[in-house]
Structures are given as C-alpha cells and as structure tokens.
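Take a look at the structure below.
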Amino acid sequence: MDYSKLFDSKTLEKLKSVREKWEKETLKDKAGEETYYTESGIPIDILYTPEQLADLDYMSEIGFPGQPPFVRGVYPNMYRGRLFTLRQLSGFGGPEDCNERIKFLLDKGATGINIVFDLPTIRGYDSDDRRAEGNVGICGVAIDSLADMESLFDEIPLDELTSSVVTHLPSTTVVLLAMYTVMAEKRKIPLEKLGGTTQNDFLMETTIGSAPEIIPPDKSFKLQCDAIEYAAKNLPRWNPVSYNGYNLREAGTTAVQEVAIALANCIATTEELVKRGNNVDDFARRMSFFWDLCNDFFEEIAKCRASRLVYQEIMRERFKAQNTKSQLMRFHVQTAGNTLTAVEPLNNIARSAVQGLAAILGGCQSLHVDSYDEAYSAPTEEAALVSLRTQQILQVETNVVNTVDPLAGSYYVESLTREMARKIRDYIKTIEDRGGLIKAAESGWLHREISDFAYHQQKQVENGERKIVGVNYFVSEKKQESKIDVFRYPETEASQKDKLAKLKMERNRENHEKSLAVLREKCSSEENIMPYVKDAVEAYATLGEIQEVFREEFGLWQFPLV
Amino acid sequence: MSQNIKVVMAKLGLDIHWRGAVALTRLLRDQGMEVVYLGNQFPESIVRAAIQEGADVVGLSTLGGNHLTLGPRVVELLKKEGMEEVLVLMGGVIPPEDIPKLKEAGIAEVFGPESRIEDITAFIREKVA
C-alpha cells in the first residue's frame, strides 16, 4: 500500500457506491443534455470527488510551495512575502510623453514599469523611415536611439524599480537591451543592480506577428540565445527572455498550446545554450514566461499550476538542473485582450477583473489588467487607472492573497491541473516529432495551427456556438453607441524626425561607421552579437541602422500565408 | 452569384496582428469568394496586387493605428490607376470617430471587431453586383 496516496482503496470503494446511488436517486437524469468542455477541449464532469484523484500522490505531484514540483507556487509564502508586481503597460508618443505616463502610474501605486513600443520600434525602423509613416508613437512609444531611451527613463531609478521592456523580437531586443545597459553604465549604476525583463521571443518575429520584412527563424533564434547568454554573464537580476504564450494565445491557440509552444521554445533555447558550453544552472533561473488568462476561470488557474509542474519536470529530468531556482517557473500575466469587446466596453472591466483574479489564484509574479477601451485604442489615463485600481482591489479587499494556492485540493482544479499537464506534454511531443520548434516555425506548420484555430473560433462566434455577451448573446436591441473617451496620441513623428536629424549631425561619424562595420562582420560569425551591438548603440547608431545591418546580413524570410 | 467576386486582403503596413485578416480570408472563401491574402504590404504593393489580380474588393486590416495615413492612400493610388470602382473596406481596431474621416476619404465601409461575416458578405455582394 502506498501511504502517500490521499485516499485508501476502501474509502474510495465506499465513495464509489455512494456516488452511484446519488446519481441514480438524487441527481437522476438532471446532469444536463449536452457534454460540457473546457476551452481547450477537456470534458467537464458534473461533479468532482476523490474518485478522480484516486491515484494522486500529493507529495510528488503537488507538494509544498517554494519546493519542487512548484505546483503550489514558486515561493513558500507567496503573496505574504511579496505581492505580485502591479505592472501596467505604458507606451505612446515620444519617450518624453511616455515618461510622464510612467510617472503617473508610479505615483498612483504601480510597483513596476512595463513599456510597450510603437510598431516601427518593434519592427526595427526609425521614426524617419518611410515605412514608419503613420505609426510613430502609436500603440507604443517611439525609440530610435540611446538618447530616446535616456529620455524614456529620465528621473526613474533604474536600480530600485524593475522594468519590463516588451521588446517582442530578438533582433530588436539585442538593441534595446544594449541601450538599457549602456544607459545604466552612463549613470554609473552597477549592472548587477539592473532588474527587469525583455521579451525576446523569436516566435514574435517569425510566427505570431507578421511584417513586410522578417529575418529567418534560425537567425532570430540565434539572437534570442545571444541576449540570454549575455544577460546570464552580465546582468544577474535581468530576465532576458519572457517566453511569450500570451501573444500565441491572442493570435489563436488553446491554453494547452499556449503553454506547450512556449515550453518548446524554452527547450530549444536551453539545448542551444548548453551546446554553446553554458551550464543550465547559469541561465535557467532567469528565464521567465508570459501567460494570457482568458475567461475559462478554472482552466486558466489549472494552466498556471500545470505549467509550473511541466517546466520543473523538463528542467530537472531533461536538463539535469541542480539548482532548484532553475526549476521554478516565474511568469507575468496579462488579462486577455481578445476577450474584450468594442460593444458595451464597460463590460470589459468585469471580464478583466475575473481574469485578474484567476492570475492571482494561479500564482503569477506580476500582472497587467487590460483596460476597458482596449478594442478602441491604447488606454486613456482614466481607463489605465481603472485597471490599476482593479489590481489594487484584488490585492487589498478580497483577501485572496493571504493564503497560498487556495484552490489546491479542489477535486476539479487538481483533476484539471493533471489533465492540462498531460496535454501540454503531449503537444510538446507533437512539436518535437516535427523536428522541434524552429522547424515548426520554418515550415509554416505552427502558423497553420494558429490560423486554423483562429478560423474555427471565429466560425463558432458567427454561428453562436461561442457566446459573447453583448456581441451574439444578450445583444441590446438598441445599438449602444460607445460613450467612452478614446485616447488620442500626441503628435510624435515630426519631433522624432527632428531629433534624429540632430543626432545624425552631432554624433561622431567615425565611431558610428566603425561600430556598424564591426557589427556587420560579426553577423556571419558564431560569436555572441551583444557586445558589438552595445558598441554601436554607444556610438549612437540608431535602432533602424542596426536592424538594417541584420536584414542585409541575415537575409529576409517569407512569412507563411493562407 | 458571387463566384466571380475577387478580394485582395492585406495587413496594412507594419501592423503585426494577423488573426482577423486570416480568419476573414478563410471565411470569405467559404462564402464562395476568391480571396488572395497578401500578408503585410504597403499601399503601393497592395494596389499593384489589386491590379494584377483584377480585384473587385480590397480588404485592409489594421489594429496598429495607421488607418488614417495608409488607408486613404490605397484609395488615392487606386484612383490614380483608374480603378476607382474597386471597393475598399477596412477592419480592425479603429476609433469610432475616425470612421467618418475614412469614409470621406473613400473607404466604403469599416468593419470593427464584432462584425458578422454575413453582414460583410452582404455588403460586398450588394456593392459589387
């Protein structure tokens, strides 16, 4: 007999007979006509009892927080030790405009910084590039050079606050991370003190986000690994990668695929870094993840718990990580933009609050709650404040943060956690059977998986199978006009262009040209690119100039179409 | 019927969010239309493709805030090529107050996030017929 099982076989037998009697005499035929499923297709029983967990081994499968397998959380005291970071996104206009929004949020109680860039910056074009026209300072802040990065973080203590820098692509991560570190060096802040996160995910470059010009997946992946390796050696408090499940989910995946694909990326990265001669324990403790919490409340919580379990298995069993810190998965959560509606936008506050609650019950390390005006534009100051207040209400008024992993032991949540973990492992295997994640991206298979999902889900919305309040369910007879204010972006393009013209006049031409020539030469070597990008940034080479070198040296890749 | 309706669909400029454009491409194909999806393109290439394909409809998707700059340019370029009869539609995240400006610039209709495929299809059939 195994003593670590929660229930002995005699109790379970008795329970089974009582349950059968209950079904026959009490429930009768009232279990509902249809079969119910979670969002990712797991059948839902009407009732969960110890029977579904008959073979559950508490010690090895769930355990204690702060210990492997980390299902119950990555820290022993969780939010009693440190509350999740209130990390609301800021990003619009020029760096000077965005600096004001950062200060506004910090003033209202935000505890971390979260920067989103405009599309030209994300895709590596300067504000004066023709291709940037109409997009400068829209949906994010425009950053062209080191000088802009310095304006963005003006008067912000880099050694006291952590900054999430949502860099999306590895090819721009290496530049923006270089700008951030050079800025710190210029301010005489020791690099050991720099805390923060860059997203740095090659799938953002090659699968999730499309663009007119894309460098090939293997090159993007190489740059992703370069940034991680550089940070492991120089920035001990920096998370150089945030494996991005969020945008996969937003583009179109199930919760299972979201986690599995991000983990497959983590596996490929770890393999590559070990192949380069790094020890897994030197870099793994600083890898982080990014999840999208949608509306299926319990499944999302189970997803968070299962993702920690599977990560721990991978790092311990596959990569033989010795340090337990290498085995604990830390993640940021953003509530689900794709669940928000343009119709009756205030309803989105309710959706986001429920998703935020799930994030806390799932044990997130930091949280961004989306704003109700998401389907219209970047948030107004008022909408951003409602999001921040939602987080604060969850933290101080609901009392959910004061015990660790309160849903553990729920027969349903534990069953779902196990089932999610099983499906995540299976999907990772599917990807590996196709030759691994880079091949899956190169061949377009991954893109097809995502677009198939997006297509089918949209069909379900069209035929009403998937209900969205206000959109295809409880639709108001009288079409409500939106009464919300929509954020208007400050004029940015002209001022960024002026600054660029001035920068190009004033910078030392020789240093600038030399740094770019060396960078170009290093693109075809196996060497880590980061030190050369840093030199170029320091010589005031712009993001677009550095990116142009990458595009020319690495070549362009054709994004899969449908 | 709609067998001959030809649609050229594109992500406008640098906008990275392809979900809606791809889903709509496939849903319009289900409605019997011929849809060529271009991926991300700038106005000049979109118009070139519309000419080459003999498009009846050009669908522009953007969630990236460039609708007012790049959207009207597609209409202008089409006009310049003598293709003003081509129906230009937009979709994505577009602030309501910008919609009248887009229509004034010659965008036939803007279909926001909750538009139904049957409404989009009906609109196209009515205008292209």
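Data for the structure
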{"quantity": "Top-ranked residue in segment A:176-199 [being free of Cβ contacts under 8 Å to residues at least 40 places away in the same chain and surrounded by fewer than 23 Cβ atoms within 10 Å (Cβ to Cβ); ranked as nearest to the other protein chains (Cβ to nearest Cβ)]", "calculated": "A:183"}
{"quantity": "Within segment B:120-129, considering residues that are of a type in the set (A, V, I, L, M, F, W, C) and touching a residue at least 60 places away in the same chain (Cβ under 8 Å), the one nearest to the other protein chains (Cβ to nearest Cβ)", "calculated": "B:120"}
{"quantity": "Enumeration of residues in segment B:84-96 that are under 21 Å from residue B:35 (Cα atoms) and either part of a helix (DSSP H, G or I) or away from every other protein chain (no Cβ under 14 Å) (or both)", "calculated": "B:84, B:85, B:86, B:87, B:88, B:89"}
{"quantity": "Set A:352, A:371: member being on the phi < 0 side of the Ramachandran plot, within 14 Å of chain B (Cβ to nearest Cβ) and free of Cβ contacts under 8 Å to residues at least 60 places away in the same chain", "calculated": "A:371"}
{"quantity": "Criterion: under 30 Å from residue A:367 (Cα atoms) and of a type in the set (Asp, Glu) - qualifying residue of A:61, A:51, A:25", "calculated": "A:61"}
{"quantity": "Condition broken by residue B:11, with the remaining ones in (1) more than 8 Å from chain A (Cβ to nearest Cβ); (2) assigned to a strand (DSSP E or B) satisfied", "calculated": "(1)"}
{"quantity": "Residue among A:466, A:509, A:488 that is more than 14 Å from chain B (Cβ to nearest Cβ) and over 30 Å from residue A:233 (Cβ atoms)", "calculated": "A:509"}
{"quantity": "Residues of segment B:14-36 classified as without any contact (Cβ under 8 Å) to a residue 60 or more places away in the chain, more than 8 Å from every other protein chain (Cβ to nearest Cβ) and assigned to a loop (DSSP other than H, G, I, E, B), total", "calculated": "1"}
{"quantity": "Residue check, residue A:504 within 9 Å of another protein chain (Cβ to nearest Cβ), assigned to a helix (DSSP H, G or I) and surrounded by fewer than 17 Cβ atoms within 10 Å (Cβ to Cβ)", "calculated": "no"}
{"quantity": "Residues that are hydrophobic (A, V, I, L, M, F, W, C) and over 31 Å from the mean Cα position of the chain (by Cα), drawn from segment A:470-527", "calculated": "A:474, A:475, A:494, A:500, A:501, A:503, A:505, A:516, A:517, A:518"}
{"quantity": "Residue A:444 crowded, with 16+ Cβ neighbours inside 10 Å and on the phi > 0 side of the Ramachandran plot", "calculated": "yes"}
{"quantity": "Residue list for segment A:39-79, filter: in a loop (DSSP other than H, G, I, E, B) and in contact with a strand residue (DSSP E or B) (Cβ under 9 Å, 6 or more places away or on another chain)", "calculated": "A:45, A:46, A:54, A:55, A:56, A:74"}
{"quantity": "So residue A:545, is it at negative phi and assigned to a loop (DSSP other than H, G, I, E, B)", "calculated": "no"}
{"quantity": "Tabulated pairs, segment A:94-110, first at negative phi, second crowded, with 16+ Cβ neighbours inside 10 Å and of a type in the set (Lys, Arg), C-beta under 9 angstrom, 6+ apart or interchain", "calculated": "A:94/A:499; A:110/A:87"}
{"quantity": "Residue in segment B:76-83 that is within 25 Å of residue A:138 (Cα to Cα) and either modelled with pLDDT of 95 or more or within 14 Å of chain A (Cβ to nearest Cβ) (or both) present", "calculated": "yes"}
{"quantity": "Residue satisfying condition, being modelled with pLDDT of 95 or more, assigned to a loop (DSSP other than H, G, I, E, B) and more than 14 Å from chain B (Cβ to nearest Cβ), within set A:390, A:430, A:398, A:417", "calculated": "A:398"}
{"quantity": "Every residue from segment B:6-32 that is surrounded by fewer than 22 Cβ atoms within 10 Å (Cβ to Cβ), under 17 Å from residue B:53 (Cβ atoms) and not basic (Lys, Arg)", "calculated": "B:32"}
{"quantity": "Among (1) part of a loop (DSSP other than H, G, I, E, B); (2) within 12 Å of chain B (Cβ to nearest Cβ); (3) out of contact with any Gly (no Cβ under 8 Å at 6 or more places or on another chain) - the single one residue A:460 does not satisfy", "calculated": "(1)"}
{"quantity": "Lone qualifier among A:250, A:317 - being within 14 Å of chain B (Cβ to nearest Cβ), surrounded by fewer than 24 Cβ atoms within 10 Å (Cβ to Cβ) and charged (D, E, K, R)", "calculated": "A:250"}
{"quantity": "Count of segment A:524-542 residues which are outside any helix (DSSP H, G or I) and either within 14 Å of chain B (Cβ to nearest Cβ) or buried (at least 18 other Cβ atoms within 10 Å of the Cβ) (or both)", "calculated": "6"}
{"quantity": "Flag for residue A:438 being of a type in the set (A, V, I, L, M) and in contact with a Pro (Cβ under 6 Å, 6 or more places away or on another chain)", "calculated": "yes"}
{"quantity": "For residue A:93: the one exception among (1) under 21 Å from residue A:205 (Cβ atoms); (2) within 14 Å of chain B (Cβ to nearest Cβ); (3) touching a Phe, Trp or Tyr at 6+ places or on another chain (Cβ under 8 Å)", "calculated": "(1)"}
{"quantity": "Selection count where residues are within 14 Å of another protein chain (Cβ to nearest Cβ), touching a Gly at 6+ places or on another chain (Cβ under 8 Å) and either under 25 Å from residue A:459 (Cα atoms) or not small (Gly, Ala, Ser) (or both), scope segment B:97-119", "calculated": "6"}
{"quantity": "Among (1) surrounded by fewer than 22 Cβ atoms within 10 Å (Cβ to Cβ); (2) of a type outside the set (Asp, Glu); (3) more than 30 Å from residue A:322 (Cα to Cα), the one test that residue A:83 misses", "calculated": "(3)"}
{"quantity": "Count - residues of segment A:22-43 that are surrounded by 11 or more Cβ atoms within 10 Å (Cβ to Cβ), without any contact (Cβ under 8 Å) to a residue 40 or more places away in the chain and not aromatic (Phe, Trp, Tyr)", "calculated": "3"}
{"quantity": "Checking residue B:71 against (1) closer than 19 Å to residue A:559 by Cα; (2) within 12 Å of chain A (Cβ to nearest Cβ), the condition it does not meet", "calculated": "(1)"}
{"quantity": "In segment A:97-146, the residues that are at the interface with another protein chain (Cβ under 10 Å from one of its Cβ atoms) and of a type in the set (Lys, Arg)", "calculated": "A:123, A:130, A:131"}
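So that you can scan it fast, the table gives a plain yes or no per residue for (1) more than 18 Å from residue A:167 (Cα to Cα); (2) among the hydrophobic types (A, V, I, L, M, F, W, C); (3) surrounded by fewer than 24 Cβ atoms within 10 Å (Cβ to Cβ); (4) within 14 Å of chain B (Cβ to nearest Cβ):
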position: A:201; (1), (2), (3), (4): no, no, no, yes
position: A:207; (1), (2), (3), (4): no, no, no, yes
position: A:219; (1), (2), (3), (4): no, no, yes, no
position: A:235; (1), (2), (3), (4): no, yes, yes, no
position: A:240; (1), (2), (3), (4): no, no, no, no
position: A:265; (1), (2), (3), (4): no, no, no, no
position: A:279; (1), (2), (3), (4): yes, no, yes, no
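The values are calculated or read from the model by the stated rules, or taken from the named source; none is laboratory data. Please read all numbers here as calculations on a predicted model, not as lab measurements. Positions of Cβ are backbone-derived with ideal geometry, glycine not excepted, and every protein chain shown enters the neighbour counts.
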